[in-house]
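Shown next, in structure tokens, is the structure this report addresses.
Each reported figure results from applying straightforward, stated rules to the coordinates on display, with no laboratory input. Bear in mind the structure is a predicted one, so any value in this text is a computation, not a measurement. Don't worry about glycine lacking a Cβ; one is built from the backbone with ideal geometry, like all the others, and counts go over all protein chains shown.
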Amino acid sequence: MVFLSVWLLLMAAIPCRSQEKKLAKEFVKQNIQRSILLFQPSFIYKTSLKTDILDSLGIKDETLFDSVLMANSLILQYIDDSLFIANYMTGLKEELKKFHFAIYDEEHIADFMNIDSNSYVVNVAQIELEETLVPFRDATEVDNMQYYHDHLLNSINVNSWLEISEVNTKKNDRQVYFAGEEITDDVHGEFVYDVFSDEIKYFYTIDSLKPGDIYTFAYQLGRTYAAYTFDLLLNKYIKKHLPEGREEKHYYRFDPVHRKIFQAENDRFIPLEK
């Protein structure tokens, strides 16, 4: 009886999944022009979370905290806002074009407002960079024995808040979404057996983060969030066209290179409460 109940539940779920995927394919194959008006921030917020330096320097005046932390940051103080934003937005625009969006910037608002359908506004409202240290354990197993080496790696968290809405609709669907990604120092480690000491020794090098790495990361994030934007619209389409009373069971992503639709795990925007 238990087996039969599980089987019936699985069978009931199959039509819903099939219908969702059918709608996803329908959205991807639509031969329509979609347009996006992009807004970008004028600056980025920078925060160093390496507050231990305040104690080591004996800084007690809270009004000095931010300036001292920034002056002692390894990476943030060297990041140029304009260059970071330019790389971020270039990645966003280039990838959106691969999803066949027509892109408009702030200088072409009048042209964009003449579009009567399938138009969206994506406002990169805020970007924050956080510099911190994160623990990383490099580990291996030899002859059923565990060996490890702990590192503290420099890390830059890039937090983004994007406001996305559809134009020319009666419903106000303006929504803010969050996405956060991390880039760290790169560790190259190796556990080696030393025949002379009969011990496992650990050798490593660290490729430390540099400003150039952060600018490259910004470009890649723009590309990633372009894909998230398309996926968001795809899943909104699924939700809108499912039969009344039926809730979507999965969140879908589209790979424009291999032309594949697949279920997403955590790779998506996080909607924030209005």
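Taking the C-alpha atoms only, the angle from helix 211-241 to the longest principal axis of the chain is near 30 degrees. Under a 5 Å amide H cut-off, with hydrogens placed 1.01 Å from N, residue 44 pairs with nothing among residues at least 5 apart or on other chains. Dividing the convex hull volume of the alpha carbon atoms of segment 32-271 by its residue count gives 211 Å³ per residue. In this simple spin-label approximation, residue 142 and residue 188 carry label points 7 Å from Cα along the Cα→Cβ vector, and these lie 2.1 nm apart.
Mean-square fluctuations from a GNM of the chain, with a 10 angstrom spring cutoff on Cα atoms, peak among 198, 116, 55 at 198. Check residue 74: other-chain or 5+ apart residues with amide H under 5 Å from its amide H, H built from backbone geometry? Here the answer is none, since no amide H 5 or more places off falls under 5 Å of that of residue 74. For the chain, the longest principal axis of the C-alpha atoms and the axis of helix 81-98 are separated by about 40°. In summary, segment 202-274 shows an alpha-carbon radius of gyration equal to 1.58 times the 2.2 N^0.38 Å reference for compact globular proteins.
About its Cα centre, the chain has a charge dipole of approximately 2140 debye under the convention of +1 per Lys or Arg Cβ and -1 per Asp or Glu Cβ, with nothing else charged.
With neighbours defined as other Cβ atoms within 10 Å of a residue's Cβ, the residues 269, 262 order from fewest to most as 262, 269.
Highest average first, the peptides 82-95, 135-148 ordered by how many other beta carbon atoms sit within 10 Å of their residues are 82-95, 135-148.
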